[in-house]
Amino acid sequence: MAEAPQDKSAQDRVVDVRGVHYLAGSHAIFSDLNISVQRGSITAVMGPSGTGKTTLLRLITGQVQPASGTVEVFGQDVATLDHKGVFALRKRVGMLFQNGALLTDLDVFENVAFPVREHTKLPEPLLQTLVVSKLQAVGLRGAAHLMPQQLSGGMARRVALARAIVMDPEVLIYDEPFVGLDPISMGVVCRLIRQLNDALGITSIVVSHDVQEVGSIADQSYIIAGGKVIASGSSEQLQHSTEPAVRQFLQGEADGPVPFHYPAGDYHQQLLQLVRNS
Amino acid sequence: MSNSITDTLSKLGKVTLFLGQVLRASAPALLRPRLIAQQVYNCGARSLVIIMLCGLFVGMVLGLQGYDLLARFGSESALGVAATLGLLKELGPVVTALLFAGRAGTSLTSEIGLMRATDQLTAMQMMAVDPLRRVIAPRFIGGIIAMPLLAAVFNVIGIFGAQLVGVTLMGVDQGTFWSQMQGAVGLRDVNEGIVKSMAFGVICSLLAVYEGYHTEPTAAGVGLATTRTVVASSVMTLIVDYMLTAAFIKG
């Protein structure tokens, strides 16, 4: 189960992470991580908090480099790209941040227009049409004049989504898109991810630990723990996994391979010690 | 002790390297005057009221102290010269810089720091936009433009304040006040003040954007960075003020 199904050709792999080791200081975040993302699919990357899911996204977008192994995006090794190359790559990749990361000094309209204004010289009427159409796609055309501070968490994320698709990226990366959302907003974001993926032919990578939501839309899921992929496959396949770590994560059990207690000395000893000291 | 010396030196090096990066990003930023104008408004126009208020009172104090001192030598008529030279060469640039660090510098640092803490800078990088060009350079240039203008306003109001106290209150002759000033204050003195306030503009803006850009992305980090901006800008302003003054007087 640890290996992805290899039935598709290499050209269909938009993102290919092979044998990646990554260290933060002396602490190993990833050891021998393998992940591949098929064109046009929704790939979920799940795992307990602190397993480096966000680090994976930073590796894919060239913000950090692996200690060993390769990260290929569109068939290019990200580590070999220079500053210009990385920026060219990023123009083809959209990213949705956990909290939206909207620019606080611009209103909703200008936030969505921001990448267009920075990278193109579109005439104003065309630009407005483009931005309005993207806002309509996320259902927030009426909120164009609001400032980011006036938006709810779910709305901010939808604006960020409109901004992420305004340059028509080939790959869209979602960093924890469901965190802190009420059930309605969660459903809306969930539906949008699926719709945008299918309507625009985008390849989506969703990093999340909301097993239910992400499981319902993903074509292919990876579960990362302890620096490597411990399970991969469709949601169906994962549900039937017998691996204890996978079961603990999917069922949300408090104790298991990931222990409930932070490592500590013997509890009784400590209590006795405290009594003796008092 | 030796630790704090090496820390200071390494910080000085980091800021200098950062200055290089900002200067490299400034050339393309200059092609977008609207972004810079916005920042001149942000740090300049919004500091205007406090600068004017402080200028007035500093000028009035100069009028009082100057009159008191000069009267002991029977030369109250030189009040105009004394107050103007004091303002143009010292108090104008320095006090403006200190106020600028407190008002505009802190808001620059906390604004950029919050952008860092809320992933806005990373988001820009992900959109293939260089935050140094889009965010940092316009603010840096805006600060450098705003500072000499603010110092000029400070000086004008300050001289008015000195005149208000000296002439209206203490009874120095109006004609003597202005004509002595006209005779003794040269373009050289004005230039010294301009050079100083430009130098302080570079220092205060650079430190403000540096601290903001390197903020630790937490609420506490933003607070600490803001404090560091004020402290570092004020100290550096006073040190560089001495160096420049010495250079002008020697040269």
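The values are calculated or read from the model by the stated rules, or taken from the named source; none is laboratory data. All of these numbers come straight from a predicted model, not from anything done at the bench. In this analysis, Cβ positions are derived from the backbone assuming ideal geometry, glycine residues included, and neighbour counts consider all displayed protein chains.
Residue B:148 meets each of the listed conditions (1) free of Cβ contacts under 8 Å to residues at least 60 places away in the same chain; (2) in a helix (DSSP H, G or I); (3) within 14 Å of chain A (Cβ to nearest Cβ) apart from (3). Applying the selection to segment A:110-166, what residues are polar (S, T, N, Q), exposed (fewer than 14 other Cβ atoms within 10 Å of the Cβ) and assigned to a helix (DSSP H, G or I)? Listed by number, the residues that qualify are A:129, A:133, A:136, A:149, A:150. Do the conditions hold for residue A:128, that is, is it over 21 Å from residue A:232 (Cβ atoms), polar (S, T, N, Q), more than 13 Å from chain B (Cβ to nearest Cβ) and out of contact with any strand residue (DSSP E or B) (no Cβ under 6 Å at 6 or more places or on another chain)? When the stated conditions are applied, residue A:128 passes them.
Residues of segment A:253-278 that are closer than 17 Å to residue A:211 by Cα and either surrounded by 10 or more Cβ atoms within 10 Å (Cβ to Cβ) or touching a strand residue (DSSP E or B) at 6+ places or on another chain (Cβ under 8 Å) (or both): A:253, A:258. Can you name the residue in segment B:204-241 that is among the hydroxyl-bearing types (Ser, Thr, Tyr), more than 15 Å from the chain's Cα centre (by Cα) and part of a helix (DSSP H, G or I) and, of all such residues, is surrounded by the most Cβ atoms within 10 Å (Cβ to Cβ)? Within segment B:204-241, the match that is surrounded by the most Cβ atoms within 10 Å (Cβ to Cβ) is B:210. Within segment B:94-116, the residues that satisfy the criterion of being among the polar types (S, T, N, Q) and either buried (at least 23 other Cβ atoms within 10 Å of the Cβ) or without any contact (Cβ under 8 Å) to a residue 40 or more places away in the chain (or both) are B:96, B:109.
When we screen B:166, B:161, B:171, B:142 for residues that are more than 13 Å from chain A (Cβ to nearest Cβ) and not in a helix (DSSP H, G or I), the only hit is B:171.
(1) closer than 29 Å to residue B:164 by Cα; (2) in contact (Cβ under 8 Å) with a residue 24 or more places away in the chain: which one isn't true of residue B:32, the others all being true? The single condition residue B:32 does not satisfy is (1). With respect to being surrounded by 21 or more Cβ atoms within 10 Å (Cβ to Cβ) and within 27 Å of residue A:199 (Cα to Cα), residue A:43 fits the description. Residue A:178 meets the conditions (1) under 30 Å from residue A:45 (Cα atoms); (2) modelled with pLDDT of 90 or more; (3) of a type in the set (A, V, I, L, M, F, W, C) in every case but one. The failed one is (2).
If the requirement is being over 16 Å from the mean Cα position of the chain (by Cα), surrounded by fewer than 20 Cβ atoms within 10 Å (Cβ to Cβ) and free of Cβ contacts under 8 Å to residues at least 24 places away in the same chain, which of these qualifies: A:182, A:198?
Being over 16 Å from the mean Cα position of the chain (by Cα), surrounded by fewer than 20 Cβ atoms within 10 Å (Cβ to Cβ) and free of Cβ contacts under 8 Å to residues at least 24 places away in the same chain holds for just one of A:182, A:198, which is A:198.
Given the structure, is residue A:69 crowded, with 17+ Cβ neighbours inside 10 Å, in contact with a helix residue (DSSP H, G or I) (Cβ under 7 Å, 6 or more places away or on another chain) and at pLDDT below 90? The answer is no for residue A:69.
If the condition is being in contact (Cβ under 8 Å) with a residue 24 or more places away in the chain and hydroxyl-bearing (Ser, Thr, Tyr), then segment A:78-112 contributes only A:104. If the condition is being touching a residue at least 60 places away in the same chain (Cβ under 8 Å) and under 14 Å from residue A:174 (Cα atoms), then segment A:38-77 contributes A:41, A:42, A:43, A:44, A:45, A:46, A:53, A:54, A:56, A:57, A:60, A:61. In segment A:61-106, which residue that is more than 12 Å from every other protein chain (Cβ to nearest Cβ) and in a loop (DSSP other than H, G, I, E, B) is nearest to residue B:114 (Cα to Cα)? Selected residue: A:65.
Applying the condition of being surrounded by 10 or more Cβ atoms within 10 Å (Cβ to Cβ) and without any contact (Cβ under 8 Å) to a residue 60 or more places away in the chain to segment A:241-251 and asking which residue is farthest from residue A:214 (Cα to Cα) yields A:244.
Screening residue A:174 on (1) surrounded by fewer than 22 Cβ atoms within 10 Å (Cβ to Cβ); (2) touching a residue at least 60 places away in the same chain (Cβ under 8 Å); (3) within 18 Å of residue A:48 (Cα to Cα) shows it passes everything except condition (1).
Inspection of segment B:119-131 finds no residue satisfying the criterion of being farther than 30 Å from residue A:96 by Cβ and either more than 14 Å from chain A (Cβ to nearest Cβ) or surrounded by 18 or more Cβ atoms within 10 Å (Cβ to Cβ) (or both). Selection within segment A:167-179: residues that are acidic (Asp, Glu) and under 16 Å from the mean Cα position of the chain (by Cα). The member of this set that is farthest from the other protein chains (Cβ to nearest Cβ) is A:170. Tallying residues that are surrounded by 14 or more Cβ atoms within 10 Å (Cβ to Cβ) and assigned to a helix (DSSP H, G or I) within segment B:24-36 yields 5.
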